[in-house]
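For reference, the structure is listed below as structure tokens.
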Amino acid sequence: MGTGTESIWQLLVVASPFAKFILMILGVMSLLSWTVILDKFLMWVRVRKDSKGFEGVSWKNFDPRNMFGEARRYHSAFPARAYIYAHRELFERGIPDDLDGEMVAREYARAAAHHLNRAERFLPFLATCSAAAPFLGLLGTVWGIISAFQRIGIWGNASIAVVAPGIAEALVATALGLFVAIPALIAYNFFSNWLRKEAERAEAFGDDLAFAVDRQFVRRNAVTGRVGVA
């Protein structure tokens, strides 16, 4: 005696080509969406761990090289990634005489935007899956019902054996459409909200960085001026 799963599979084997095409599209969308979800989840774990460590850096005695070492240690955090880029652009070839907080903030903001945009890749695909999958499932449902009525017309009765293939198409298409859409919608909302908060955190770090640079180099210029007077 076969199981319910085997019975459903046998019914789908004899499904119409169009219904199989819809189910295949939904299956591919499910596979790709779960791949994106897993990738973003692993990124969330790494960034969350390193962000906690990088948030503990001290601004009191800011030094570009020390900050660079901390950024490399917690490189998964978005502010750390952006600072690594800014440091390489501005500090590795020596400290420019005209360096100020605005210049550092500009390089930092450019790098932060780049990394955040890369982190957002494929999120629109999750939004597309969450919006399109229910309608594809509905299309499969309607087609399955149409197939069931066609079989009734051909066989002249409405027994379970006659309508079962069409009803199976309809139910499986509905279930698969929801299986694709619900996780994609939840994941899209979660990761979008998380990246928005990360962008705010990165912006706040950039403001602190600009202030620290201005404070350090104003102090350095003041010391240089006193030495010149002496």
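The values are calculated or read from the model by the stated rules, or taken from the named source; none is laboratory data. Quantities reported herein were computed from a predicted structural model and do not represent experimental measurements. All Cβ positions, even for glycine, are placed from backbone atoms using ideal geometry, and neighbour counts span all protein chains on display.
Brief remarks follow.
- Residue in segment 196-215 that is modelled with pLDDT under 90, surrounded by 14 or more Cβ atoms within 10 Å (Cβ to Cβ), aromatic (Phe, Trp, Tyr) and within 25 Å of residue 25 (Cα to Cα) present: no
- Residue in segment 158-167 that is part of a helix (DSSP H, G or I), at pLDDT below 90 and not aliphatic (A, V, I, L, M) present: yes
- In segment 133-144, the residues that are more than 8 Å from residue 22 (Cβ to Cβ), within 34 Å of the chain's Cα centre (by Cα), modelled with pLDDT under 90 and buried (at least 16 other Cβ atoms within 10 Å of the Cβ): 141
- Filtering 58, 147, 130 for residues that are among the small types (Gly, Ala, Ser), closer than 22 Å to residue 171 by Cα and modelled with pLDDT under 80 leaves a single hit, 147.
Per-residue answers, yes or no, for (1) closer than 21 Å to residue 200 by Cα; (2) at pLDDT 90 or above; (3) assigned to a helix (DSSP H, G or I):
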{"position": "5", "(1), (2), (3)": "no, no, yes"}
{"position": "12", "(1), (2), (3)": "no, no, yes"}
{"position": "32", "(1), (2), (3)": "no, yes, yes"}
{"position": "48", "(1), (2), (3)": "yes, yes, yes"}
{"position": "52", "(1), (2), (3)": "yes, no, yes"}
{"position": "93", "(1), (2), (3)": "no, no, no"}
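- Residue check for residue 26: touching a helix residue (DSSP H, G or I) at 6+ places or on another chain (Cβ under 6 Å) and at pLDDT 85 or above: yes
- Total residues in segment 175-186, condition over 17 Å from residue 28 (Cβ atoms) and either under 10 Å from the mean Cα position of the chain (by Cα) or buried (at least 17 other Cβ atoms within 10 Å of the Cβ) (or both): 1
- Residue within segment 67-78 that is under 17 Å from the mean Cα position of the chain (by Cα), touching a residue at least 60 places away in the same chain (Cβ under 8 Å) and surrounded by fewer than 13 Cβ atoms within 10 Å (Cβ to Cβ) present: no
- Residue 125, sole failed condition from (1) buried (at least 16 other Cβ atoms within 10 Å of the Cβ); (2) modelled with pLDDT under 90: (2)
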